[in-house]
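Below is one structure, written out as structure tokens; comments come after it.
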Amino acid sequence: MTFEETTGSVLTPEAQVALDRATGSAHRHDGLLSNRAFHIKQSAVRDVFDISIRPGLISLAGGSPYLQELPLDELAEATASIIRNQGLAALQYGPGQGLQELRELACEVMAAEGILDADPADVVITTGSQSGQDVAAKVFCNPGDVVLCEDPTYVGALNAFEAYEVDLQPVAMDGDGLIPEALRERISALRAAGKSIKMLYTIPSFNNPSGITLAEERRDQIVRICRENNILVLEDNPYGLLRFDGEPLPPLRASHPEDVLYLGSFSKIFSPGMRLGWALVPRHLFRRFYLACEAVVLCPSPLTQMITAAYLRDFDWMGRIRDSRRLYAQRCAAMLAALQEHMPDGVSWTVPDGGFFIWVSLPEGIDTYPLLAEAIDAGTVFIPGTAFTPGDETSSKLRLAFSAVSPDDIAEGMRRLAPVIRRAVSGADAASGAAGA
């Protein structure tokens, strides 16, 4: 049994290494590990993903896109044609910046999102957008530098930044996203404490995990606050085109080409299995960013780039986006209806207008992490909220994902989850009542 299982406590990476050494469980090579290695955490999302593929479980955890309507036969023919006619290029090393055609097509995707001035020369194809987060941390951050982020934010970004020993500082959100005054106050407090603030990492449209969208009237204000304080904005926009109704809100980068480093992804508009994204880099920062990308991944896969380019060039990808919006909207509505039907008083949730996720808040004092085991026993799974914020504090929140689950399975999954939530809330109410007696 581990220390955590015995005590319910979470050890820091350094403390766990010290405990291993004290109990004789360390290997002689442990002394070779860098300080950075101790900051690389195991991803709670990956843990739950591995669990969620068990037969019989209904997963409300994974933010996976719906792929069943992809034209697989036609894609197979396109891939065969690439191998047959361009095989030597597809299977060879390629340019470190990415193929010219795919960079041009990424600019077309950004134009659909509202960025009309993107130049393929400023685009670097990355191994998914998370690769861009990693490179940004490497290029801009020394150990101890501050990266500001939304609270909550994407667990993969937290893991990427923490590996570079940065000081992640959350900034409060409300139903309209990042609060400008909270951002100003956090910057002032950190500067007064002598901190060096390098970046604001933000997912302004349909934030993962909360589903909240930064209000249009706040977008310019957030960037201007950062510019006044010489802080780079790292905008991550994988869900921007997945607004259920109406046009996408213009990304922060649309009006601020020098102050925003923009990350995009083909995972949500095509396929996560291609492992491709892109970075639109301010021109004065491009060389350093590009060289850091090339140092990690000599070149993105020419084969997957050619397949992705063929999809964007030869198929009605925008038509599929429109179909996906309708499907995700239906699934979101099904989850919201199930929450309304099954959740007890004291539980609240966000109402997203796009993306994949709903953020559920239980009464303060309830730790949702232990509830995960109960949910698995009940036949469903979610992501505990503690995964999405810096530090090791407990959280009364949890993330539910509707994107890859049918409405019938959403209803059944919520029916299974509801008793777990009701017991937790009842227990918290009883404890509160006893304390007040």
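The values are calculated or read from the model by the stated rules, or taken from the named source; none is laboratory data. All figures in this text were calculated on a predicted structure; none of them were measured in a lab. Methodologically, a virtual Cβ is constructed for each residue, glycine included, from the backbone with ideal geometry; neighbour enumeration extends over all protein chains shown. Remember, those area values only see protein heavy atoms, side chains included, never the ligands or the DNA or RNA. Shrake-Rupley method; radii C 1.70, N 1.55, O 1.52, S 1.80 Å.
A few notes on this one:
- Around the amide H of Val146, modelled in the peptide plane, lie the amide H atoms of Asp167, Ser196, Ile197, Lys198, all under 5 Å away and 5 or more residues distant in sequence or on another chain.
- Leading residue at positive end of dipole, region 289-388 (Cβ point charges), from Leu371, Ala337, Val360: Ala337
- Among Asp134, Asp367, Asp117, residue whose mean-square fluctuation peaks in a GNM of the chain (springs only between Cα atoms under 10 Å): Asp117
- Size descriptors for region 154-208, from the alpha-carbon set: Rg then Dmax equal 12.1, 33 Å.
- For region 375-428, the spread of Cα positions along each principal axis, largest first, Å: 36, 28, 15
- Count, lysine Cα pairs under 27 Å in the chain, 8 or more residues apart or across chains: 9
- DSSP bridge analysis restricted to the chain gives an antiparallel fraction near 50%, rounded to the nearest 5.
- Within the accessible area of region 69-183 (1.4 Å probe), percent carbon and sulfur: 51
- If you wrap the tightest convex hull around every Cα atom of region 317-420 and split its volume per residue, you get 105 Å³.
- Restricting the GluC sites (Glu not before Pro) of region 328-387 to loop positions (DSSP other than H, G, I, E, B) with no more than 15 neighbouring Cβ atoms within 10 Å leaves Glu364.
- Antiparallel bridge percentage (DSSP; both residues within region 84-198; nearest 5): 20
- The charge dipole of region 208-288, taken about its Cα centre with unit charges on the Cβ of Lys, Arg, Asp and Glu (plus for the first two, minus for the last two), comes to roughly 400 debye.
- Value of D in µm² per second that Stokes-Einstein yields for region 63-204, Kirkwood Rh from Cα pairs, at 4 °C (1.567 mPa s): 70
- Share of pairwise Cα separations in region 246-312, more than 13 Å, in percent: 72
- Taking θ as phi - 60° and the Karplus parameters 6.51, -1.76 and 1.60, the scalar couplings of region 222-236 work out to 4, 5, 5, 4, 5, 5, 4, 9, 6, 10, 6, 9, 9, 9, 10 Hz in sequence order, x denoting glycine and proline.
- With q set to 0.11 Å⁻¹, the log10 of I(q)/I(0) for region 225-367, from the Debye formula over equal scatterers at the Cα positions, is -0.62.
- Of (1) 22; (2) 50; (3) 19, the label for percent of Cα pairs over 39 Å apart derived from the coordinates: (1)
- Filtered chymotrypsin sites (Phe, Trp or Tyr not before Pro), region 335-374: DSSP coil and at most 11 other beta carbons within 10 Å: none
- Once you divide the Cα radius of gyration of region 214-274 by 2.2 N^0.38 Å, the number left is 1.24.
- Unit charges at the beta carbon, dipole of the chain: most positive-side option, Ser348, Ile51, Tyr66: Ile51
- For the chain, the per residue solvent-accessible surface stands at 45 Å², with DNA, RNA and ligands left out and a 1.4 Å probe.
- In this simple spin-label approximation, Arg54 and Arg224 carry label points 7 Å from Cα along the Cα→Cβ vector, and these lie 5.3 nm apart.
- Region 134-140 - phi-based ³J(HN,Hα) in whole Hz, Karplus 6.51/-1.76/1.60, Gly and Pro as x: 4, 5, 4, 4, 5, 6, 9
- In this Cβ point-charge picture (+1 for Lys and Arg, -1 for Asp and Glu), region 223-343 has a dipole of about 140 debye about its Cα centre.
- Euclidean distance of C-alpha centroids, region 277-307 and region 383-428, integer Å: 37
- In this rough spin-label picture, where each label sits 7 Å from Cα along the Cβ direction, the Gln68-Glu181 distance is 4.8 nm.
- Each part reduced to its alpha carbon centroid, region 84-127 and region 133-164 end up 25 Å apart.
- With every protein chain in place and a 1.4 angstrom probe, the accessible-area ranking of His29, His256, largest first, reads His29, His256.
- Cα-centred dipole magnitude for the chain, charges only on beta-carbon of K, R (+1) and D, E (-1), debye, nearest 20: 660
- Whole-Hz Karplus values for region 166-172 come out as 7, 9, 7, 10, x, 10, 5 Hz, taken residue by residue from phi with 6.51 cos²θ - 1.76 cosθ + 1.60 and θ = phi - 60°; glycine and proline positions read x.
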